[in-house]
Amino acid sequence: MNKPNILLFKLPELFKILNELKEYIEFEFYSFSNKDDLLDFKKKTENYLILLDSKNEIKNEKFQLVLEKFPNPIVSIIEKINIALLKRNYSEQSNISIGHYSIDVNSRIIKNNKISLKLTEREIEIIIFLNQSKSAQNIESLQKQVWGHNLNLETHTVETHIYRLRKKILEKFKDNNFIKSVKEGYSI
């Protein structure tokens, strides 16, 4: 997974400090003094958090961390950044749209209108992987990417999981085409 991007807005001194510590930090960071430049950059990245002080807060910006008081120990700032990134990831996983379904990865629920179905963690992983794939995925690909197996195993684990998942979706949503089985493998 790519490192998250921290977009510092009008915090040049903090940028200098972070730059000195960059080999120990688990995120990329960029400094902006112009709001339009920051917003343009934001559009080009998915995993970001805007870091700023209260006098530069951006209205209607969902993913920002406002630092209230200065000076603040750098360890405290980095801890706040990490917590905000975790909250952002949790929030993003709360509503993934796949066709006319909505999946909450955190609670492992798939919904369609007012009908919902509880899934296992592995079933969610299968759905997410197939949805992110541009083409049908064969059994070996699913074994490697979802189960973490690198060898061709003599097992029907993948087929069994797909069968049970398709059966659950058919019974609950009357949808026989959510996971499609084609010559090349499985797709959504």
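Could you tell me whether Val75 is at pLDDT 90 or above, open to solvent by 20 Å² or more (accessible area, probe 1.4 Å) and within 26 Å of the chain's Cα centre (by Cα)?
no
For region 1-40: of the residues being among the hydrophobic types (A, V, I, L, M, F, W, C) and loosely packed, with under 15 Cβ neighbours inside 10 Å, which is farthest from the chain's Cα centre (by Cα)?
First, the residues of region 1-40 that are among the hydrophobic types (A, V, I, L, M, F, W, C): 1, 6-9, 11, 14-15, 17-18, 21, 25, 27, 29, 32, 38-39.
Pick out the ones that are also loosely packed, with under 15 Cβ neighbours inside 10 Å and you get 1, 17, 21.
Working: Met1: 9, Ile17: 28, Leu21: 26 Å.
Among those that are among the hydrophobic types (A, V, I, L, M, F, W, C) and loosely packed, with under 15 Cβ neighbours inside 10 Å, it is Ile17.
Does any residue in region 59-76 that is under 14 Å from Tyr48 (Cα atoms) come within less than 9 Å, Cβ to Cβ, of a residue that is of a type in the set (Val, Ile, Thr) and part of a loop (DSSP other than H, G, I, E, B) six or more places away or on a different chain, and which pairs are these?
Gln64/Ile58
Taking the residues in region 110-127 that are hydrophobic (A, V, I, L, M, F, W, C) and touching a helix residue (DSSP H, G or I) at 6+ places or on another chain (Cβ under 9 Å) as candidates, determine which candidate is most open to solvent (accessible area, probe 1.4 Å).
This residue is Ile115.
Residues being open to solvent by 90 Å² or more (accessible area, probe 1.4 Å) and in contact with a helix residue (DSSP H, G or I) (Cβ under 9 Å, 6 or more places away or on another chain): count how many of those fall in region 47-66. Before the answer, list the steps.
In the first step, residues of region 47-66 are kept if they are open to solvent by 90 Å² or more (accessible area, probe 1.4 Å); the result is 55, 57, 59-60, 62.
Of the ones still in play, those that are also in contact with a helix residue (DSSP H, G or I) (Cβ under 9 Å, 6 or more places away or on another chain) are 62.
Total meeting the criteria: 1.
Limited to region 86-104, what total is found for residues that are surrounded by 12 or more Cβ atoms within 10 Å (Cβ to Cβ) and not polar (S, T, N, Q)?
Of the residues in that region, 8 qualify.
The values are calculated or read from the model by the stated rules, or taken from the named source; none is laboratory data. Predicted model, so just to flag it, every value in this text is computed and none were measured. Note: ideal-geometry Cβ built from the backbone for every residue, glycine included; neighbour counts use all protein chains shown. We work out accessible area using only protein heavy atoms, side chains counted, and drop any ligands, DNA or RNA first. Shrake-Rupley method; radii C 1.70, N 1.55, O 1.52, S 1.80 Å.
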